[in-house]
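The values are calculated or read from the model by the stated rules, or taken from the named source; none is laboratory data. Since the structure is predicted, the reported quantities are computational estimates derived from the model, not experimental observations. Cβ atoms come from the backbone with ideal geometry, glycine included; neighbour counts cover every protein chain shown. Areas reflect the complete protein model, heavy atoms only, side chains present, ligands, DNA and RNA absent. Shrake-Rupley method; radii C 1.70, N 1.55, O 1.52, S 1.80 Å.
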Amino acid sequence: MSIAASPPVAFDTPRAALVCAHCGLDAVAGEARTVDGAVYCCAGCETAASIIKQSGLDGFYTLPDRRTDRVAASGRSFAEFDHEAFTSAHVTHNADGLAETALYLEGVHCASCVWLVERMPMVVPGAVRAELDVTRGLARLAWDPQVTALSTLARTLDQLGYRPHPYRGRRADEARRAEDRAMIMRIGVAGAIAMNVMAISLALYSGLFGGIEAEFERYFRWTSLVLVIPAIVWPGRVFFTSAWQALKAGGLHMDVPIALALGAGVVQGTINTVRDSGPIYFDAVSTLILLLLVGRFLQHRAQRTAADAAALLGALAPATARLVDEASEAISEIPTEAVQAGMLLDVRAGDTLAADGVVARGTSSLDLALLTGESRPVSVSEGARVYAGTVNLSAPLRVRVEEAGSESRLGRLLRDVEAGARDRAPVVLFADRIAGHFIAVVLVLATITAALWWSTDPARAMDHAIALLVVTCPCALAMATPLAFTVAIGRAAARGILIKGGHALESLTTRGTLFVDKTGTLTEGRLALASWEGDDATRALVLAAERQSRHPVATAFLAAWESSDDGAVPDALFEVLGAGVEARVAGKVVRVGKPSWVAAEARDTRGIAARAQSEEDAVRTTVLVAVDGEIVARAAFGDPLRPEAREAVRALRASGWQVRILSGDAAPVVAHVANALGIDAGTSEGEATPERKREVVLAARERGTVVMVGDGVNDAAAISAATVGVAVRGGAEASMAAADVYLATGGIGALQDLLDGADRTTRIIRRNMLIALGYNAVAVTLAMLGLLDPIVAAILMPVSSVTAILGAWRSRTFSRPFSRPLARSVA
């Protein structure tokens with residue numbers, strides 16, 4: 001094959017000591033831009049800085065924790081954000097004439113991002129409000145559609161370095177926010193009442209020792225009654241409603257004795273207030289309502305995963321698609337919501353596919369890693385089936401849509417994630433397992449106490465029964481588990497282990513099967529040069545030939561030999577899709593690519609091509625290099641094992657877990673990695689689709705505890721279906737949303753820390769439960785013997801709760817440092 005000569009393109013220049021005035025990173029001489037004496041590393045940073053300064057937001061550059069990423073604006077118009085289909089799906093129009101929406105923003109990292117995004121009203125005329133949830137990268141925007149368009153806001157955010165995407169869970173999120181506001185209002189009302197009742201009770205308790213005039217005591221008692229009634233009627237109503245529903249269903253849970261204690265306390269306190277004698281329990285009642293509501297709110301927030309998982313997974317699809325008018329060949333951008341079966345889409349190199357379909361024209365390679373776990377690009381040509389969410393790497397394609405939106409493979413995967421998070425059987429905590437027996441015993445003992453004392457002293461019978469109910473109110477029993485979990489989760493977060501709920505910690509104490517995805521979890525999820533057979537002169541020729549290619553093999557070559565790169569460029573270059581590149585470098589014709597393509601027009605005088613057929617290369621990507629028609633070198637590429645993988649797998653197996661690999665990568669590659677890590681290759685599975693992974697996990701759950709560890713969209717459904725799902729750093733946001741645990745360190749090095757912390761947390765919970773039960777046993781005995789006055793019972797009731805709090809706070813759950821990485825190896 002001959003190639004036409006073209007003038008060399010100098011794209012590698014020496015680095016100078018220049019620092020970008022916007023992002024603070026090094027600027028390369030020749031690429032740097034100087035404006036008004038300020039140096040910028042790229043056009044994106046220059047544009048962002050211009051917007052910031054023109055808007056009077058120079059204070060951004062004085063923030064101590066400032067974003068340090070180059071601005072890579074997409075240059076899109078975002079006109080599809082103004083499309084009728086997009087507006088109906090994602091925009092809310094308020095009565096005041098303002099429009100509101102929510103957008104996911106890429107590149108959100110720190111407080112400076114919040115500072116800048118929330119000042120959008122100072123940047124874009126017509127923007128009214130901007131709020132950014134930095135933990136989710138979710139921006140809520142309000143604007144006047146008569147003054148500006150949503151596309152203008154989106155372009156500005158993009159130019160500032162925050163590329164926007166539509167948030168598809170907006171309506172569900174609005175419902176959740178309304179629910180949260182109602183819960184917070186109940187907590188606020190309960191808190192205000194509790195503080196006032198406690199202040200009044202303080203005066204009454206003081207009167208027990210220093211005396212108090214009768215009219216003031218009567219006034220304080222009636223005022224407390226007036227205050228506590230609203231607390232029972234509105235904030236406290238949730239406990240009575242829950243208890244009634246449980247009784248109708250024929251069951252007992254914690255809300256039954258709580259409702260009885262609250263009801264008995266209010267009833268007896270009201271009677272004693274009317275009689276103007278005896279203790280009132282309004283302070284204990286109001287405080288108990290407040291504490292329990294706060295606990296319910298925190299628990300409620302921690303249990304939300306399904307909606308977040310669905311919204312994040314849906315955001316992986318592109319916001320727009322390029323529709324081809326088959327009559328005129330004109331191309332227009334439309335929202336993905338408007339894509340329908342039968343349409344013809346144009347997919348450029350670098351674009352994400354918006355729908356499932358069949359390639360109608362073109363040849364290219366696709367990155368399927370996010371959807372299937374395949375670590376190497378897959379070649380596609382006319383007639384090949386392609387899926388939404390995959391990335392076109394090499395050349396333009398025309399795709400005939402067959403399934404779009406919720407009917408696409410990505411949409412079906414979304415439903416699987418939702419179903420897994422919604423249908424996952426809740427883990428029955430230890431406190432819940434004993435709750436029914438505890439409640440039944442307490443009710444029986446209270447009845448016996450009232451009956452026994454009625455026969456001897458009817459006036460004191462009810463006081464003793466109420467004292468028993470109050471002092472045994474299962475606050476400590478109810479708090480022991482969530483408090484210990486809350487403290488453990490906080491300490492785990494400080495160690496880089498983010499846990500969504502206590503059920504994950506309890507489940508991890510039972511050993512079972514641990515499935516691990518390969519790509520990005522056990523390995524680094526990228527091609528890297530594993531072996532090279534050739535001389536240094538050939539390296540320079542390869543670098544020159546591959547420099548301008550976007551193929552992962554070219555990227556791996558450049559990364560491996562960066563230190564020896566002399567910056568040479570080809571005189572001419574020709575790239576064959578799915579085969580390799582041919583270039584003229586320093587008068588030599590260099591061909592780099594697939595063995596079959598290179599060998600077709602080159603001699604194998606050194607036997608290099610024959611050695612490329614060895615068993616070792618059966619699990620790696622092999623590339624041959626020919627110079628002037630002779631094969632002179634070969635390279636093998638693999639996905640490097642993470643440095644901590646071997647030690648982590650060894651520790652997991654030693655602690656009793658059955659470790660298996662469940663991956664979408666090729667079966668020989670999976671077997672090779674399994675053998676390298678000491679895992680039985682026979683129990684591992686490769687070429688598993690996302691649907692297959694979910695099936696395997698569900699089947700294993702019937703036999704016991706299952707943990708799924710992964711990082712890609714292809715793992716999200718399996719992670720959601722597992723007893724405990726674990727996502728690792730660097731993975732897709734959908735897998736993180738579906739997971740119960742997120743490891744911020746990447747890989748599986750922190751898994752053993754997670755398991756050890758779960759074991760310690762469970763031991764602490766059992767200890768606190770024993771303390772609470774022991775306290776109740778003593779209190780019940782004193783109450784039944786008549787040795788516990790109701791006032792003393794109200795004072796002692798918080799003692800067990802304080803004990804549970806201190807026990808949880810002083811516990812040492814996640815105290816060990818993370819395991820340190822070991823030496824790197826390549827699979």
(message) Tell me whether region 570-578 contains one or more residues that are under 26 Å from Val378 (Cβ atoms) and touching a Leu at 6+ places or on another chain (Cβ under 7 Å).
(response) no
(message) Taking the condition of being surrounded by fewer than 17 Cβ atoms within 10 Å (Cβ to Cβ) and assigned to a helix (DSSP H, G or I), how many residues in region 537-568 meet it?
(response) 7
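Could we say that Ala556 is touching a helix residue (DSSP H, G or I) at 6+ places or on another chain (Cβ under 6 Å), among the small types (Gly, Ala, Ser) and at pLDDT 85 or above here?
Working: touching a helix residue (DSSP H, G or I) at 6+ places or on another chain (Cβ under 6 Å): no; among the small types (Gly, Ala, Ser): yes; at pLDDT 85 or above: yes.
The answer is no for Ala556.
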(request) Among the numbered conditions (1) assigned to a loop (DSSP other than H, G, I, E, B); (2) without any contact (Cβ under 8 Å) to a residue 24 or more places away in the chain, tell me where Val108 comes up short. (result) (2)
(request) Quick one: which residue in Ala626, Ala633 is modelled with pLDDT of 90 or more, in contact with a Phe, Trp or Tyr (Cβ under 8 Å, 6 or more places away or on another chain) and either among the hydrophobic types (A, V, I, L, M, F, W, C) or closer than 18 Å to Ala666 by Cβ (or both)? (result) Ala633
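Among the candidates Ala243, Ala190, Ala199, which residue alone is buried (at least 18 other Cβ atoms within 10 Å of the Cβ), modelled with pLDDT of 85 or more and among the small types (Gly, Ala, Ser)?
Answer to the selection: Ala190.
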(request) Could you tell me which residue of region 32-61 is most open to solvent (accessible area, probe 1.4 Å), considering only residues that are of a type in the set (S, T, N, Q) and under 18 Å from Val123 (Cα atoms)? (result) Gln54
(request) Note down all Cβ pairs under 7 Å where the first residue falls in region 253-279 and is more than 18 Å from Thr472 (Cα to Cα), the second is small (Gly, Ala, Ser) and surrounded by fewer than 22 Cβ atoms within 10 Å (Cβ to Cβ), and they're at least six residues apart or on different chains. (result) Asn272/Gly278
(message) Yes or no: region 691-700 includes at least one residue that is buried (at least 19 other Cβ atoms within 10 Å of the Cβ) and over 26 Å from Pro377 (Cα atoms).
(response) yes
(message) Taking the criterion of being in contact (Cβ under 8 Å) with a residue 12 or more places away in the chain and within 18 Å of Val128 (Cα to Cα), would at least one residue in region 70-80 satisfy it?
(response) no
(message) For the list (1) over 30 Å from Ala626 (Cβ atoms); (2) touching a residue at least 40 places away in the same chain (Cβ under 8 Å), I need the number of the one condition that Gly490 fails.
(response) (2)
(request) Among what's in region 647-667 and is touching a Lys or Arg at 6+ places or on another chain (Cβ under 6 Å) and in a loop (DSSP other than H, G, I, E, B), pick the residue that is farthest from Arg692 (Cα to Cα). (result) Gly656
(message) From the list Pro668, Pro640, exactly one residue is at pLDDT below 90 and either within 25 Å of Val576 (Cβ to Cβ) or open to solvent by less than 20 Å² (accessible area, probe 1.4 Å) (or both). Which is it?
(response) Pro640
(request) Confirm whether Thr510 is among the polar types (S, T, N, Q), open to solvent by 10 Å² or more (accessible area, probe 1.4 Å) and under 23 Å from Glu644 (Cα atoms). (result) no
(request) Mind telling me which of the residues Leu371, Leu316 ends up being among the hydrophobic types (A, V, I, L, M, F, W, C), under 27 Å from Leu522 (Cβ atoms), modelled with pLDDT under 80 and part of a loop (DSSP other than H, G, I, E, B)? (result) Leu316
(message) I'd like to know if region 329-340 contains one or more residues that are β-branched (Val, Ile, Thr), farther than 25 Å from Tyr742 by Cα, part of a loop (DSSP other than H, G, I, E, B) and at pLDDT below 85.
(response) yes
(request) Evaluate region 260-281: report whether one residue or more is surrounded by 22 or more Cβ atoms within 10 Å (Cβ to Cβ), at pLDDT below 70 and not in a helix (DSSP H, G or I). (result) no
(request) Give the number of residues within region 705-714 that are touching a Lys or Arg at 6+ places or on another chain (Cβ under 9 Å) and at pLDDT 90 or above. (result) 2
(request) Among the residues of region 531-571, count how many are within 23 Å of Ala609 (Cα to Cα) and among the basic types (Lys, Arg). (result) 1
(request) Go through Ala249, Ala284 for me and flag whichever is modelled with pLDDT under 80 and surrounded by 15 or more Cβ atoms within 10 Å (Cβ to Cβ). (result) Ala284
(message) Under 9 Å between Cβ atoms, which residue pairs at least 6 apart in sequence (or on different chains) link something in region 514-525 that is more than 20 Å from Asp680 (Cβ to Cβ) with a partner that is open to solvent by 10 Å² or more (accessible area, probe 1.4 Å) and among the β-branched types (Val, Ile, Thr)?
(response) Gly525/Thr519
(message) Checking the structure you have, find out if any residue of region 72-88 is farther than 19 Å from Thr336 by Cα and modelled with pLDDT of 85 or more.
(response) no
(message) Out of Leu208, Leu227, I need the residue that is in a helix (DSSP H, G or I), open to solvent by 40 Å² or more (accessible area, probe 1.4 Å) and at pLDDT 90 or above. Which one?
(response) Leu227
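Sort out which residues of region 32-78 are of a type outside the set (Gly, Ala, Ser), assigned to a helix (DSSP H, G or I) and in contact with a strand residue (DSSP E or B) (Cβ under 7 Å, 6 or more places away or on another chain), and write them in order of number. Talk me through it step by step, then tell me what you get.
Filtering region 32-78 down to residues of a type outside the set (Gly, Ala, Ser) leaves 33-36, 39-42, 45-47, 51-54, 57-58, 60-71, 76, 78.
Pick out the ones that are also assigned to a helix (DSSP H, G or I) and you get 45-47, 51-54, 58, 60-62.
Residue satisfying the conditions is Glu46 alone.
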(request) Test Ala142 against the criterion of being at pLDDT 90 or above and farther than 23 Å from Pro318 by Cβ, and give yes or no. (result) yes
(request) Considering (1) closer than 30 Å to Leu743 by Cα; (2) modelled with pLDDT of 85 or more, say which one Thr521 fails and leave the rest. (result) (2)
(message) So in region 69-118, with the set limited to residues that are within 21 Å of Leu25 (Cβ to Cβ) and among the hydroxyl-bearing types (Ser, Thr, Tyr), which one is farthest from the chain's Cα centre (by Cα)?
(response) Ser74
(request) Identify the residue in region 62-81 that is hydrophobic (A, V, I, L, M, F, W, C) and closer than 13 Å to Leu116 by Cβ and, among all such residues, is most open to solvent (accessible area, probe 1.4 Å). (result) Leu63
